[in-house]
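The next block holds one structure in the form of structure tokens; read it before the comments.
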Amino acid sequence: MTSEFMIYLAPLQGFTDFVYRKVYAGIFQGVDAYFIPYITVQNAAILKKYEREILPQNNPQNRVVPQILAKDEEEVRFLSEILVHYGYTEINLNMGCPYPMVTKRGRGAGLLPDLEQVYRILNTYFEHFDSALSVKLRAGLESPGEIERIVPVLNEFPLKEVILHPRIARQLYKGETIDMAVDFAAKNLKHPLGYNGDIFSLEDYHRKARQFPEIKNWMVGRGVLMNAFLPSEIMGIQLNEDEKRTALFQFHQKMLEEYLETTDNPGNALNKMQQFWSYFSYHFENQAKAFKRIKKSKQLALFKAEAGSIIGTERLCREST
Ligand SMILES: Cc1cc2nc3c(=O)[nH]c(=O)nc-3n(C[C@H](O)[C@H](O)[C@H](O)COP(=O)(O)O)c2cc1C
């Protein structure tokens, strides 16, 4: 389907892993691009778990964008070389990760106050690589005013786009989003601007789309984990309740099969599935009860029975009926 705007699946470390992305893409409609959670350097190498995430055979969707978390130009080169080697023609740079363990080392949102470092990183990237580069940005590390200083630096390079999560790092993923940061970026960035943050329902999407008419690309994270139908709803595709339950059954079944295949033992697969349910349970009106039943299911057979019963009989949430 061609449309004026695009929906991106946000990268969420531990949730939108290659299993999730692959299974999701096989069942649901509406996502135009899948962003891989960041890969980063540790002891001059990348961890096996990151390698699995970027292997081309694990990423069969049309448009998949890997993300790098780096503190300087050496790390950027090291990680980008790996990604280019695997054939990626588009890379995303993380300038938004808010966690102090990351920002204190000058990565993620920790890059934002250091304009010279950002300049060096981008300069090095464009000197060495032909693959497109986009940036996922926060409004600031300490203050939303930081965006005013970073935008001119970003404007000096041919970025493919900038996706803004309009919060400062201290807020993590909670509290008011900062509309002024979006307005400033929309007016002053010379690159296409994408929006990310707190789109949990069709109404949220429409409200933001009205508020920021210049934005074409929308990145959605938790909203998709909590309502797998949200991207298709945004595209105007409506499913009835039976179709939804069938899709949720399939999704769940396939996720479990894949985790059983890709983790070392059934216990690990069960842990992954329980983590998946921390958001998946929001498909049901009584989310808390559904999640409690899942958390109590300490054995795979019990888990399967509980999950099947919830998906088959619990009332679906208003948003997804
Ligand atoms: C558990 C978790 C893991 C995340 N991992 C990443 C990541 O690897 N890279 C990144 O750029 N953002 C990451 N994020 C941020 C999301 O991509 C997104 O910006 C955030 O959830 C806000 O969007 P949403 O309101 O649509 O969920 C993560 C967020 C959460 C909650």
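The values are calculated or read from the model by the stated rules, or taken from the named source; none is laboratory data. Predicted model, so just to flag it, every value in this text is computed and none were measured. Cβ coordinates were reconstructed from backbone atoms using ideal geometry, including for glycine residues, and neighbour counts include every protein chain displayed.
Selection over region 16-69 of residues that are among the hydroxyl-bearing types (Ser, Thr, Tyr) and touching a Phe, Trp or Tyr at 6+ places or on another chain (Cβ under 6 Å) gives a count of 0.
Among the candidates Lys71, Lys136, the residue that is among the charged types (D, E, K, R), farther than 24 Å from Val224 by Cα and not in a helix (DSSP H, G or I) is uniquely Lys71.
The rows are residues; the columns are (1) of a type in the set (Ser, Thr, Tyr); (2) outside any helix (DSSP H, G or I).
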position	(1), (2)
Thr16	yes, yes
Gly30	no, yes
Tyr34	yes, yes
Glu51	no, no
Glu75	no, no
Phe78	no, no
Ile82	no, no
Tyr88	yes, yes
Leu93	no, yes
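Looking at the structure I just gave you, is Ile163 over 16 Å from Ala185 (Cα atoms), within 15 Å of the ligand (Cβ to nearest atom) and surrounded by 15 or more Cβ atoms within 10 Å (Cβ to Cβ)? No. Would you confirm whether or not region 141-159 contains a residue that is assigned by TED's automatic domain parsing to the domain that holds Ala70, closer than 24 Å to Tyr34 by Cα and of a type in the set (Val, Ile, Thr)? No, region 141-159 contains no residue that is assigned by TED's automatic domain parsing to the domain that holds Ala70, closer than 24 Å to Tyr34 by Cα and of a type in the set (Val, Ile, Thr).
The rows are residues; the columns are (1) crowded, with 19+ Cβ neighbours inside 10 Å; (2) touching a helix residue (DSSP H, G or I) at 6+ places or on another chain (Cβ under 7 Å).
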position	(1), (2)
Ala228	yes, yes
Lys254	no, yes
Trp277	yes, yes
Ser281	yes, yes
Lys296	no, no
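Put simply, of Arg210, Arg138 the only residue that is surrounded by fewer than 18 Cβ atoms within 10 Å (Cβ to Cβ), in the same structural domain as Gln29 (by TED's automatic domain parsing) and of a type in the set (Lys, Arg) is Arg210.
May I ask you to verify whether Arg222 is in contact (Cβ under 8 Å) with a residue 24 or more places away in the chain, in the same structural domain as Leu93 (by TED's automatic domain parsing), under 22 Å from Asp114 (Cβ atoms) and surrounded by fewer than 19 Cβ atoms within 10 Å (Cβ to Cβ)? It is false that Arg222 is in contact (Cβ under 8 Å) with a residue 24 or more places away in the chain, in the same structural domain as Leu93 (by TED's automatic domain parsing), under 22 Å from Asp114 (Cβ atoms) and surrounded by fewer than 19 Cβ atoms within 10 Å (Cβ to Cβ). Might you let me know whether region 62-83 holds any residue that is within 15 Å of the ligand (Cβ to nearest atom), under 19 Å from Ser143 (Cβ atoms) and in the same structural domain as Leu154 (by TED's automatic domain parsing)? Checked against the condition, which is being within 15 Å of the ligand (Cβ to nearest atom), under 19 Å from Ser143 (Cβ atoms) and in the same structural domain as Leu154 (by TED's automatic domain parsing), region 62-83 yields no hits at all.
Scanning region 296-311 for residues that are closer than 17 Å to Met226 by Cα and either touching a residue at least 40 places away in the same chain (Cβ under 8 Å) or out of contact with any Phe, Trp or Tyr (no Cβ under 7 Å at 6 or more places or on another chain) (or both) turns up Ala307, Ile311. Which residues, counting only those in region 53-68, are assigned to a loop (DSSP other than H, G, I, E, B) and exposed (fewer than 15 other Cβ atoms within 10 Å of the Cβ)? Selection gives Leu55, Pro60, Asn62, Arg63. When the helices (runs of 4 or more DSSP H) confined to region 189-283 are screened for residues that are among the acidic types (Asp, Glu) and closer than 29 Å to Gln299 by Cα, those reaching at least 2 such residues are found at 241-262. In region 98-123, the residue that is nearest to the ligand (Cβ to nearest atom) out of those that are among the charged types (D, E, K, R) and either assigned to a helix (DSSP H, G or I) or surrounded by 14 or more Cβ atoms within 10 Å (Cβ to Cβ) (or both) is Arg107. For region 21-28, check the following and say yes or no: at least one residue is within 13 Å of the ligand (Cβ to nearest atom), closer than 30 Å to His206 by Cβ and not assigned by TED's automatic domain parsing to the domain that holds Arg245. So far as region 21-28 goes, yes, one or more of its residues are within 13 Å of the ligand (Cβ to nearest atom), closer than 30 Å to His206 by Cβ and not assigned by TED's automatic domain parsing to the domain that holds Arg245.
Comparison of Asp72, Asp32 shows that the only residue that is over 27 Å from Glu243 (Cβ atoms) and acidic (Asp, Glu) is Asp72.
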